[in-house]
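In what follows, a structure is listed as structure tokens, so that the remarks can point back to it.
The values are calculated or read from the model by the stated rules, or taken from the named source; none is laboratory data. Everything numeric in this text was worked out from a predicted model, so none of it was measured. Please note: Cβ atoms are built from the backbone with ideal geometry, for glycine as well, and neighbour counts cover all protein chains shown.
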Amino acid sequence: MKHTNIEFKARVKDDHHVRAALKRLRARYVGTDHQVDTYFKVPRGRLKVREGRIENALIFYERANAPRARRARIEMTLLPRRNSLCAILRHTLPVLAVVDKRREIYFVGNVRIHLDNVRRLGRFVEVEAVSRSGKAGRARQQALRFQKLFEIAPGDIVGQSYSDLILRKSGD
């Protein structure tokens, strides 16, 4: 499955504004998932295997590191729970980083909202406005709308992936 997202991630100290907005919007709560994302070293983009109770997938994506809502081109294959793909890839590709998080998953139409508590990094909100057509105009407007609704200051937006943040923290 291929699609394009316009997405942003932001640090949150207090998720009160996010939760209040989700309630006003009658967001559909999918559940809370414990996810382990194993990132592999690849020549371009990012390749990860996500293992969780709710979401399991092989995900390849390309996205610029920028502290704003940005385009991500994604190719994803859903996987059955308790599969051996991660173990197989660990034997063939070097592991770049492992990200362990608890993620609350919400939907408002085509927009995915995640409230993440990432081990070693802290709390974040992530917004992904999904465009199946590949046209990003509407999705960009949606991402910016959610940034305002959630009262996210531009300085709180994080341009890197969780894997980059984990690697940087490991280097400290």
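Selection of strands (runs of 3 or more DSSP E) fully inside segment 43-118 by the criterion of at least 3 residues being free of Cβ contacts under 8 Å to residues at least 60 places away in the same chain and touching a Lys or Arg at 6+ places or on another chain (Cβ under 7 Å) returns 57-63, 111-118.
Can HIS34 be described as in a strand (DSSP E or B), farther than 19 Å from GLY159 by Cα and modelled with pLDDT under 95? So HIS34 fails the test. Condition first: part of a strand (DSSP E or B), surrounded by 12 or more Cβ atoms within 10 Å (Cβ to Cβ) and modelled with pLDDT of 95 or more. Can you find one or more residues in segment 12-23 that meet it? Checked segment 12-23: no residue is part of a strand (DSSP E or B), surrounded by 12 or more Cβ atoms within 10 Å (Cβ to Cβ) and modelled with pLDDT of 95 or more. Taking the conditions (1) over 13 Å from the mean Cα position of the chain (by Cα); (2) modelled with pLDDT of 95 or more; (3) under 22 Å from ALA10 (Cβ atoms) in turn, GLU126 satisfies each one other than (1).
To keep it simple, each residue is scored yes or no on (1) of a type in the set (Gly, Ala, Ser); (2) over 20 Å from HIS16 (Cβ atoms).
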site: LEU85; (1), (2): no, yes
site: GLU104; (1), (2): no, no
site: GLY109; (1), (2): yes, yes
site: TYR162; (1), (2): no, yes
site: LEU165; (1), (2): no, yes
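The residues of segment 1-16 that are of a type outside the set (A, V, I, L, M) and either touching an Asp or Glu at 6+ places or on another chain (Cβ under 7 Å) or under 20 Å from ARG70 (Cα atoms) (or both), listed by number, are LYS2, HIS3, THR4, ASN5, GLU7, PHE8, LYS9, ARG11.
For segment 143-152, the set of residues classified as touching a residue at least 24 places away in the same chain (Cβ under 8 Å) and either on the phi < 0 side of the Ramachandran plot or assigned to a helix (DSSP H, G or I) (or both) consists of ALA143, LEU144, PHE146, GLN147, LEU149, PHE150, ILE152, listed by residue number. Among the residues of segment 43-67, those that are charged (D, E, K, R) and either touching a Cys at 6+ places or on another chain (Cβ under 8 Å) or loosely packed, with under 13 Cβ neighbours inside 10 Å (or both) comprise ARG44, GLU51, ARG53, GLU62.
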